[in-house]
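A short write-up of the structure that comes next.
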Amino acid sequence: MEIAGSVKGIRSVSFTKLSEIEIEDTPETLLRCKKQLLNYFDGTLKEFSLSLDPEGTEFQKKVWAQLQNLGYGKTCSYSEQSRALGDLKAIRAVAGANAKNPIAIIIPCHRVVGADGKLTGYAGGLWRKKWLLEHENPPAQRSLF
């Protein structure tokens, strides 16, 4: 994952194929983000506590802010998200804002699914979305007896 930002906050978190690169004078906000992402992936962190500074339109920022209320292991549909924002007719605009989310995982657009519960588009790939949802809500071990 690549984390970008400044002392003001996190600007983007994106999936990448690059090897780990750390700049000598990395701002504390980025180091804190890296640590929290590592804790998320090892299962010890369920809620991020970071200063965010995403770039986008006011509508996109409103959608992304609303997404942060969607708790770990929970999902909602695009229509439920539109309703929560106060405009059920804005489903396509909400989906478009989710698609432009610059801060993967921390702004949890991976938790938004189709109205039928099926996985729908994800900029990081549907296989990652599936993995993230299963990471947050692993299937229960079936009893052998």
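The values are calculated or read from the model by the stated rules, or taken from the named source; none is laboratory data. Keep in mind the model is a prediction, meaning the values are calculated, not measured. Counting neighbours? That spans all protein chains shown, and the Cβs are built from the backbone with ideal geometry, glycine included. These accessible areas exclude ligands, DNA and RNA; they are computed on the full protein's heavy atoms, side chains included. Shrake-Rupley method; radii C 1.70, N 1.55, O 1.52, S 1.80 Å.
For the stretch 111-118, putting each phi into the Karplus relation 6.51 cos²θ - 1.76 cosθ + 1.60 with θ = phi - 60° gives couplings of 8, 9, 10, x, 4, 8, x, 7 Hz, in residue order, rounded to whole numbers and with x for Gly and Pro.
Among the chymotrypsin sites (Phe, Trp or Tyr not before Pro) in the stretch 1-97, those placed in a DSSP loop whose Cβ has at most 15 other Cβ atoms within 10 Å are Phe15, Tyr72. Computed from backbone phi with θ = phi - 60° and the Karplus coefficients 6.51, -1.76 and 1.60, the 3J(HN,Hα) list for the stretch 36-43 is 5, 5, 4, 5, 4, 5, 8, x Hz; x is used for glycine and proline. Under the criterion of Cα pairs below 8 Å and six or more residues apart, the relative contact order for the stretch 60-145 equals 31 percent.
Rolling a 1.4 Å probe over the protein heavy atoms of the chain, with every protein chain left in place, gives an accessible area that is 53 percent carbon and sulfur. For Ile103, the residues whose amide H sits under 5 Å from its own are Val13, ignoring neighbours fewer than 5 places away on the same chain, with H placed 1.01 Å from N.
Computed with a 1.4 Å probe over protein heavy atoms only, the accessible surface of the stretch 1-131 comes to 60 Å² per residue.
Between Lys62 and Ala4, the C-beta separation translates, for a Förster distance of 25 Å, into a calculated FRET efficiency of about 0.70. Rolled with a 1.4 Å probe across the full set of protein chains, the surface gives Lys74 an accessible area near 120 Å². In this Cβ point-charge picture (+1 for Lys and Arg, -1 for Asp and Glu), the chain has a dipole of about 600 debye about its Cα centre.
Considering only alpha-carbon pairs that sit under 8 angstrom and 6 or more positions apart, the relative contact order computed for the chain is 22 percent. Taking the DSSP bridge list for the chain and keeping only pairs wholly inside it, about 55 percent are antiparallel.
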